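Taking it in order: structure first as structure tokens, then the write-up.
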Amino acid sequence: MPREFEIKYRLTEGAFAALSGQYGPFRQIRMETTYFDTPGHALSARKWTLRRRYENGISVCTLKTPLPDGSRGEWETPCDDIRLAIKELCKLGAPEDLLPLTAGGLTEACSARFTRLAKQIVLERCTVELALDEGALMGGGRTLPFAEMEVELKSGEEAAATAFAEALAQEFNLTPEPKSKAQRAMELLH
């Protein structure tokens, strides 16, 4: 199963500028994300995230599921239609429950629009992607601006990626962000 391990921190304006200055140049990716759920909220009840994201205009559909160790299962497929993507995600190994859960239809629950500055960094015992995200989460007619740093493990040891993220958090006085963008956007609905 593809697995995602990442650590997030909230960013102040000053920390965003300092990190981008210290670790740049970055590649810039414009992200437009729509999060989906069933009319009965079957996906969010399982803490599953189903999304379609345009990354610099290219559509990628993703399913994320929680794993017992705090990381997430993650499956992705290029596709413009979330309904067609569901079958492809299952072929890639996503939980088979996804098909019957979504058979009754999907609704657009909430969204996010942001710019990501991203860079791969090779460390001694791992390779990570350092991402600086800035934009807005939207749901229920409300908008919440955000800025955050993600350190995502690409290969190697989780402990090394965690140590790198914690060192950055200490150096730039960052606050942990325990919730995903999808969780925070869904909270806007209530």
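The values are calculated or read from the model by the stated rules, or taken from the named source; none is laboratory data. As the structure is a computational prediction, the values presented were derived from the model and not from experiment. Virtual Cβ from ideal backbone geometry, glycine too; neighbours counted across all protein chains shown. Accessible surface is based on the protein model in full, side chains and every heavy atom, while ligands, DNA and RNA are left aside. Shrake-Rupley method; radii C 1.70, N 1.55, O 1.52, S 1.80 Å.
Open to solvent by less than 60 Å² (accessible area, probe 1.4 Å) and touching a Lys or Arg at 6+ places or on another chain (Cβ under 7 Å), is that true of ILE82?
It is true that ILE82 is open to solvent by less than 60 Å² (accessible area, probe 1.4 Å) and touching a Lys or Arg at 6+ places or on another chain (Cβ under 7 Å).
Which of (1) farther than 17 Å from GLU148 by Cβ; (2) among the polar types (S, T, N, Q); (3) surrounded by 15 or more Cβ atoms within 10 Å (Cβ to Cβ); (4) out of contact with any Asp or Glu (no Cβ under 9 Å at 6 or more places or on another chain) is the odd one out, the single condition ASN56 does not satisfy?
Failing condition for ASN56: (3).
Out of the residues in region 103-120 that are among the aliphatic types (A, V, I, L, M) and part of a strand (DSSP E or B), which is farthest from LEU19 (Cα to Cα)?
Here the answer is ALA109.
Quick check on my filter: what residues within region 161-175 are small (Gly, Ala, Ser) and either at pLDDT below 95 or surrounded by fewer than 17 Cβ atoms within 10 Å (Cβ to Cβ) (or both)?
The answer is ALA163, ALA167.
Does region 125-143 contain at least one residue that is open to solvent by 20 Å² or more (accessible area, probe 1.4 Å) and part of a helix (DSSP H, G or I)?
no
For region 59-79: of the residues being more than 21 Å from ILE29 (Cβ to Cβ) and free of Cβ contacts under 8 Å to residues at least 60 places away in the same chain, which is surrounded by the fewest Cβ atoms within 10 Å (Cβ to Cβ)?
Out of the qualifying residues, it is PRO68.
Just to check your reading of the model, which residue among ILE58, ILE121 is closer than 30 Å to ALA15 by Cα, touching a Pro at 6+ places or on another chain (Cβ under 9 Å) and aliphatic (A, V, I, L, M)?
Step by step, each of ILE58, ILE121 is checked, and only ILE58 is closer than 30 Å to ALA15 by Cα, touching a Pro at 6+ places or on another chain (Cβ under 9 Å) and aliphatic (A, V, I, L, M).
Residue-wise test of (1) open to solvent by 30 Å² or more (accessible area, probe 1.4 Å); (2) assigned to a strand (DSSP E or B); (3) more than 21 Å from THR65 (Cα to Cα).
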position: TYR9; (1), (2), (3): no, yes, no
position: GLY14; (1), (2), (3): yes, no, yes
position: LEU19; (1), (2), (3): no, no, yes
position: ARG30; (1), (2), (3): yes, yes, yes
position: THR33; (1), (2), (3): no, yes, no
position: PHE36; (1), (2), (3): no, yes, no
position: GLY40; (1), (2), (3): yes, no, no
position: SER44; (1), (2), (3): yes, no, no
position: LYS47; (1), (2), (3): yes, no, no
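Out of all the residues in region 85-104, which are within 20 Å of the chain's Cα centre (by Cα) and open to solvent by less than 80 Å² (accessible area, probe 1.4 Å)?
ALA85, ILE86, GLU88, LEU89, CYS90, GLY93, ALA94, PRO95, LEU98
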